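Report on the structure given below.
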Amino acid sequence: MRKLFIISGPSGSGKTTLCAEVIKRFKNITYSVSYTTRMPRNGERDGIDYYFITKEEFKRKIENNKWAEWAEVYGNFYGTSAEFLDTCLASGKRILLDIDFQGTVQIKKLYPDSITIFIMPPSLETLKARLEARNTDTRQAVERRLETAKKEMEKKDLYRHIIINDQLSISVSELIKIIESYS
Ligand code: ADP
Ligand code: 5GP
């Protein structure tokens, strides 16, 4: 059974929403809560959505080899705990990682049989509308995320599977089907 599922895609493409749906349906899949130095958004909870830590703590963990992968995204650091991954894998759990393409490259090196899935928005206009409707980022942050989205979407062919997240229920079914195909 394949153990690691990597979900990537531009901010606002629907990764969090899709991961939450998958977690609800699969009891034996664990979501890897990343660490970040960015500020929590409204409603985000420490230890559930992310572990929110300072840049100093993050850098200390780089020096002490605590990351399975890490990257700088939109001017903040994001990382996956090596200890968490090792513990889950040792206990036979399957893991869902929501990480960017820089992290994907690092995880693929460590775990070559990870399954990579890219979430695409139907269009840039829809992405902009969803980011604005989510209402969690400043106008400046939304602009920055849209600029980066174009570059990120150029990476989609590095991924084994691509889901175009138009209608949510269809995307959820597609993601579930992909995961089940590796059971
Ligand atoms: P990401 O984690 O990739 O940044 P989110 O899961 O936070 O993206 O989704 C961004 C916004 O778009 C959220 O407000 C979410 O409710 C909404 N959304 C996600 N998927 C869809 C969809 N298929 N149709 C309409 N809105 C969606
Ligand atoms: P956001 O700030 O919108 O939650 O996430 C911004 C970007 O960081 C997204 O592309 C997301 O996939 C990525 N990201 C989140 N956690 C990690 C992580 O642990 N490692 C890496 N490399 N990227 C991450």
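Where both residues lie in the chain, what percent of DSSP beta bridges are antiparallel, nearest 5? Walk me through the intermediate numbers first.
Values: 8 of 26 bridges.
Percent antiparallel among DSSP bridges in the chain is about 30.
Report the local net charge at residue 165: Lys and Arg +1, Asp and Glu -1, summed over other residues whose C-beta lies under 12 Å from its C-beta. Intermediate values should be presented prior to the final figure.
Numbers: positive: 15, 130; negative: 21, 166, 174.
Net local charge, residue 165 excluded: -1.
Listed cross-link partners 24/128; 15/150; 24/66 are compared with a 20 Å cut-off, the Cα-Cα value being larger for 24/128; 24/66. For the chain, the carbon plus sulfur part of the accessible surface works out to 50%, probe radius 1.4 Å.
Count charges around residue 114 for me, please; just the other residues with Cβ under 12 Å from its Cβ, Lys/Arg as +1, Asp/Glu as -1.
Numbers: positive: 2, 3, 94, 108, 109, 160; negative: 69, 113.
Charge balance in the 12 Å sphere: +4.
Only the Cβ atoms of Lys and Arg (+1) and of Asp and Glu (-1) were treated as charged; on that basis the dipole of segment 47-148 about its Cα centre amounts to roughly 60 debye. Evaluated with a Cβ-only charge set (Lys, Arg +1; Asp, Glu -1), the chain carries a dipole of roughly 220 debye about its Cα centre, given to the nearest 20. Could you point to the residue in 172, 90, 14 farthest towards the positive end of segment 3-180's charge dipole, with +1 and -1 charges on the Cβ of Lys/Arg and Asp/Glu respectively? Towards the positive end, the residue furthest out is 90.
Local charge sum around residue 94 (other residues, Cβ-Cβ under 10 Å, Lys/Arg +1, Asp/Glu -1)? Provide the component values of the computation, followed by the final result.
Working: positive: 2, 3, 93; negative: none.
Computed value for this residue: +3.
Accessible surface calculations at 1.4 Å, restricted to protein heavy atoms, place the chain at 55 Å² per residue.
Mean residue ellipticity at 222 nm, helices only, the chain: -13000 deg cm²/dmol; runs of at least 4 DSSP H residues each add -39,500 (n - 2.57), and the sum is divided by the number of residues. Structural descriptor for the chain: relative contact order 34 percent, calculated from alpha carbon pairs under 8 angstrom and at least 6 residues apart. In summary, the aspartates and glutamates within cross-link reach of residue 55, defined as a Cα separation below 14 angstrom excluding same-chain residues under 8 places away, comprise 63, 72. Of all the options 14, 92, 43, the one that moves most in a Gaussian network model of the chain with Cα springs shorter than 10 angstrom is 43. Peptides 118-126, 167-175, ordered by how many other C-beta atoms sit within 10 Å of their residues on average, highest first, read 118-126, 167-175. Shape class for segment 47-133: oblate, because the ratio a/c of the largest to smallest gyration tensor axis (alpha-carbon atoms, square roots of eigenvalues) is 1.5 or more and b/c is at least a/b.
The values are calculated or read from the model by the stated rules, or taken from the named source; none is laboratory data. If you're wondering where the values come from, they're calculated on a predicted model, not measured in any experiment. Methodologically, a virtual Cβ is constructed for each residue, glycine included, from the backbone with ideal geometry; neighbour enumeration extends over all protein chains shown. The accessibility values were calculated without ligands, DNA or RNA, using every heavy atom of the protein model including side chains. Shrake-Rupley method; radii C 1.70, N 1.55, O 1.52, S 1.80 Å.
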